[in-house]
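Here is the structure we will look at.
The values are calculated or read from the model by the stated rules, or taken from the named source; none is laboratory data. As the structure is a prediction and not an experimental result, all values here were calculated from the model. Every residue, glycine among them, receives a Cβ derived from its backbone with ideal geometry; neighbour counts consider all protein chains shown.
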Amino acid sequence: MKIVVLMKEVPDTYGERKLNLETGLAERSDSEAVLDEIGERALELALSLAGSLDSPEITVVSMTPESATTTLRKALAMGADKLVHIADEKLVGADLGLTAEVLAAAIRRTGFDLVIAGNLSTDGQGGVIPAMLAELLGVPHASSLTSVEVSAERVHGTRETDGGIMEVAAALPAVISITERFPAGRFPNFKGIMAAKKKPVEKLTAADLEVDPEALDVPRSIMLAVSERPARSAGMKIVDEGDAGEKLAEFLIQNRLA
């Protein structure tokens, strides 16, 4: 079974993040680059499923800058069989629609029975790429799963809702997205790190995927404006001079909090 896992390089979740006020893009050089945690969870799921599947092959597909190859090799060290790295300067700043189109082309080229993605990246937080991919690939999509079981023909899982737990299933091939309820990715050991050096890494451009480079200049969405979030103002401080209760009650009433 061919399993494709979507992963990406993102600015460190625990670091400070800034936007370039001219381009609207994240200033990725301001913090350490790491694999997105939800992508690591998706890979961990694929690795845990592999033991029960016939001839499993796990391929990581990522659309990230050329410099991200070193970061992405961690996925190979964790246990993925190969890496498909889409790196093209013309794709810098690609919106969600273009990103989905390029990823879908790479997945078709690689071949797949199951595509596993996180439900929400920690940088763009668009949350729509898995659904877009399913539409472009013409396969079912099961979203925001909290448990997953896979057989030779079907994928089955559960999704938590406000009213309870929903059971969903789809015939393969299919695209699924998972939530952070899944275990974190394993830490690569020395054997895995050494093995990763010999695993195949395929680098592709938009032209390799037959995505028309000329069409990349046509905006799918347009940024109208970007501005820095204003600094937080100081809150109201109430000093108890015998009337703190009255002042607090008045504050709550004025702000319609009581």
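Considering the conditions (1) out of contact with any Pro (no Cβ under 8 Å at 6 or more places or on another chain); (2) of a type in the set (A, V, I, L, M); (3) assigned to a helix (DSSP H, G or I); (4) at pLDDT 95 or above, A80 is excluded by exactly one of them, (3). Pairing each residue of region 117-140 that is touching a residue at least 24 places away in the same chain (Cβ under 8 Å) and over 17 Å from A171 (Cα atoms) with any residue that is part of a loop (DSSP other than H, G, I, E, B) and acidic (D, E), provided the two are 6+ apart or on different chains, yields C-beta distances under 8 Å for G118/D36; S121/D36; T122/D36; D123/D36.
For region 154-193, the set of residues classified as farther than 30 Å from V34 by Cβ and among the acidic types (D, E) consists of D162, E167, listed by residue number. Selection of region 75-101 for residues being in contact (Cβ under 8 Å) with a residue 60 or more places away in the chain, over 16 Å from the mean Cα position of the chain (by Cα) and more than 22 Å from M132 (Cα to Cα) yields L76, A77, M78, G79, A80, D81, K82. Look at (1) under 19 Å from the mean Cα position of the chain (by Cα); (2) of a type in the set (A, V, I, L, M, F, W, C); (3) at pLDDT below 95; (4) surrounded by 13 or more Cβ atoms within 10 Å (Cβ to Cβ) and you find that I193 fails only one, number (1).
The residues on offer are A152, A171, and the sole one that is under 21 Å from E44 (Cα atoms) and either within 21 Å of the chain's Cα centre (by Cα) or not polar (S, T, N, Q) (or both) is A152. Of all the numbered requirements in (1) in contact with a strand residue (DSSP E or B) (Cβ under 9 Å, 6 or more places away or on another chain); (2) buried (at least 21 other Cβ atoms within 10 Å of the Cβ); (3) modelled with pLDDT of 95 or more; (4) of a type outside the set (S, T, N, Q), L72 misses one, and that requirement is (3).
For residues in region 89-116 being outside any helix (DSSP H, G or I) and under 21 Å from E32 (Cα atoms), which is modelled with the lowest pLDDT? Here the answer is G93.
From E44, E57, grab the single residue that is over 18 Å from the mean Cα position of the chain (by Cα) and modelled with pLDDT of 95 or more.
Working: E44 fails: over 18 Å from the mean Cα position of the chain (by Cα).
It is E57.
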